[in-house]
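The values are calculated or read from the model by the stated rules, or taken from the named source; none is laboratory data. No experiment lies behind these values; they were computed from the predicted model shown. Virtual Cβ from ideal backbone geometry, glycine too; neighbours counted across all protein chains shown. Heads up: the accessible areas ignore ligands, DNA and RNA and are worked out on the full protein's heavy atoms, side chains in. Shrake-Rupley method; radii C 1.70, N 1.55, O 1.52, S 1.80 Å.
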Amino acid sequence: QHKDLILQIFKEIMVEPDFRDWSDTGICLQAYLRSADRDAAEVIAWAKERRFPVTVRLVKGAYWDGEVIRAYQQRWPVPVFTRKADTDAQYEKVLRTLIENHQFVHTAVGSHNARTVALAIALARENRLPRRAFEVQMLYGMADDLKAGVVQQGERLRVYAPYGDLIPGMAYLIRRLLENTANTSFMRQSVRPDSDTAQLLAPPKVLVDAPKFKVGGFQNVPDADFAVAYERERFDRALAEVRSRLGQTCYPVVGGKTQTDVPTAPVYNPADRSQVVGAWGVSTTALAGRAVEVARTAWSEWRQTPATKRAQLLNRLADLIEQERPILAAWMVYEVGKTRREADADVSEAVDFCRYYAEQMVRLETDAQERDVPGETNSYRYRSRGVALVIAPWNFPLAILTGMTTAALAAGNTVIMKPAEQSSIIAAQLMRLFDAAGFPAGVVNYLPGRGEEVGAHLVSHPGVNLIAFTGSLAVGNRIIAEASILRPGQRHLKRVIAELGGKNAIIVDSDADLDQAVVGVVQSAFGYSGQKCSACSRLIVHASIYDAFIERLVEATRSLAIGDPTRPETYTGPVIDEEAYKRIRETIADAKKSHRLASETDVAHLRGGNFIGPTIFVDVDPQSKLAQEEIFGPVLAIIKAKSFDEAIEFANSTPFALTGGLYSRSPGHIEKARDEFECGNLYINRKITAALVDRQPFGGYRLSGVGSKAGGPDYLLQFLEPVTVTENVQRQGFAPLPSELD
């Protein structure tokens, strides 16, 4: 993933005055990358300008599985060849290019393939390479006969071995052993009893149409790859464009009309409280009542719109969101302090929600059940509920708002969007795209306002049929209670779908891969400053590795770049507002009185913003306030467990059941966690944040939520009323149409 960045950094460093004349330096190229021939050409062109040769070590490639898996998980094009023969052919092509340019680059051939090594020697002699410009490199302990042959030919041979700690070195050797004993490996094929020497030494056969991997089912949209220069430059341009738009006011939109006759409230950049991002129009309860009337009127026609037509509009919305990806992400950077990677992923999830719910609703309508018997027809259909109130949070200001709104729309309901006060400007951008996509006036209404006023009024309004809410337990509990009251004139019971809080735990088992676990815990606990309902706030570590793991985790946390989220290197930005800043600071100060502080990143130099450095407490009592109450900030409580059973007990000790994680290499413990770890989303040997639509439908139970999982196959059913129609068709006449009576 970082190949382009590494090449660029290498080239920039090696033309600095202190290093420009160095010739005893080099870089490795991997032939299994589809870009290897282009990379080689770029290095050669650069070396010509530098005028001092560097060594290019050419290898087949060492991380094929990892490259393929990561590409699929990130929904990026697979960067490597999927057939060994294609890699071998690419290697020989690049090898020729390097050797033919030996005045500018020296070539190091890293291979245990006899044909490859023989070809390299032949090309080197054909091009009369100086001895210094060519060598063969082979691993100690492998292909010793081939090594002897290279030496007998009088060629330079460098034998290398891993150096350093035992465990990483063993892991390296095992990986190389697996590679060289694979069925497609030259070494493996050369020792088979039925091996054909002529076939082994034949040129690799390249297919005209190389095979490609395919993944069935719903296709998630890929995030931007910021290792690519174009994506970084594109995002920088978007930040500049949004910066030029700061200061605008976003007014409510009801029935397709902008409502400007309301007071306004400013929005400040959480990373720079002196910078006004813009303002939003504060809706009144009177305007809220009018919005319900407009939405109910629009529903009479919208509910009759076929699912296929609604799906077309949702897919059009998805296209528009994707077209404006960097702009929408840049708004999130300024308004809610997301880093560019976090903001970009938020846009991807919004796109996925649009397309997934469109697809699901068409399926529900198309697959309507028919259970006919002789003399009787029976059908099972769905009807929309009516007016949906969507109350969205600020931490996923585009994705969650889009997800709840598009689910309601796909099901044939009309919507009143009440975004969080902290993210009303981003919500206004979404409302603009709803209009651009062609949704009829009144089907979607944008109503920013105070939660305790407009939100409360809408929750209790008898014209609202269902409420989709994501936020805190306290607010969600009040909504559920208020929605249960039958108001005068109300002819329905309100459906409430609520995704609430979490106090999520990751267990690190005694046999866990600590390198993998450290990365996953850091990402889960401190991504977006811990302001995700899925974030890890409790870490339960087995006693046998407790001290060693904490030491590594603390060092990894100290390496995080904290600061302005507009900067590309920033990993953790500010918390959302001053209220959250003060609350989290008070929590940390209180925790210091009763728990041991292991690490607190100093952010004193970051002035003018709501910055709180990642903070880690150790030896935390699992029943303490720090381990039981949701903080929603970059604070991690570490708990020691004497056994795996005790770790599971600690993990299940809170009233929340949203997400959880396990790092373990024990099949028995993994199976036990599957059965006994109580949470809606359990992640094993990976981070517990960044759920994807369809792949990881998201939602918890107990005090973490009411309703089915967002982005899952059951979610839309909550926005629909199932209806069964039965007709007796035996010996029945049919009345003529009115026109036939004339």
Q: Averaging sequence separations of C-alpha pairs under 8 Å and six or more residues apart, then dividing by the length of region 652-701, give the relative contact order as a whole percent.
A: 45 percent
Q: Only Lys, Arg, Asp and Glu count, each charged at its Cβ (+1, +1, -1, -1), so figure out the dipole size of the chain about its Cα centre, rounded to 20 debye.
A: 660 debye
Q | Normalised contact order of the chain, rounded percent, pairs of Cα under 8 Å and 6 or more residues apart | A | 11 percent
(Q) For a Förster distance of 45 Å, can you work out the FRET efficiency between the beta-carbons of M170 and T308, rounded to the nearest 0.05? (A) 0.20
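Let me check I have the definition right: for region 540-664, take the eigenvalues of the Cα gyration tensor, multiply each by 5, take square roots. What are those semi-axes in whole Å, largest first?
27, 17, 14
With 14 Å as the cut-off, how large is the P(r) tail for region 99-153, expressed as percent of Cα-Cα pairs?
It works out to 50 percent of all Cα pairs.
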(Q) Nearest 10 degrees is fine. How inclined is helix 325-336 to the longest principal axis of the chain, computing both from alpha carbons? (A) 70 degrees
Q.
What are the extents of the Cα atoms of region 29-169 along their three principal axes, in Å, largest first?
A. 46, 40, 31
Q. Kirkwood Rh, Cα Rg: Rg to Rh for region 291-372?
A. 1.13
Q. Tally Lys/Arg at +1 and Asp/Glu at -1 over every other residue whose Cβ is under 12 Å from the Cβ of D619; what's the total?
A. 0
Q: Set Lys and Arg Cβ to +1 and Asp and Glu Cβ to -1, take the dipole of the chain about its Cα centre, and tell me which of N652, T557, V59 lies farthest positive.
A: V59
Q: Using a 1.4 Å probe and ignoring any ligands, DNA or RNA, find the accessible area of Y701 and quote it in Å² to the nearest 10.
A: 100 Å²
Q) Where Rh denotes the Kirkwood radius from the mean inverse Cα pair distance, what is Rg over Rh for region 394-444? A) 0.94
Q | Kirkwood Rh in Å, taken over all unlike Cα pairs in the chain | A | 29.4 Å
Q.
One quarter of the convex hull surface, Cα atoms only: what value does that give for region 594-734 in nm²?
A. 15.9 nm²
Q. Helix 473-483 versus the longest principal axis of the chain: what angle, 0 to 90°, nearest 10, using Cα atoms?
A. 30 degrees
Q: Considering only protein heavy atoms, with the full assembly of protein chains and a 1.4 angstrom probe, order M14, M170 by accessible area, largest first.
A: M170, M14
Q. Any idea of T726's accessible area? Nearest 10 Å², probe 1.4 Å.
A. 80 Å²
Q | 0 to 90° range, to nearest 10: angle between helix 546-558 axis and the chain longest Cα axis | A | 80 degrees
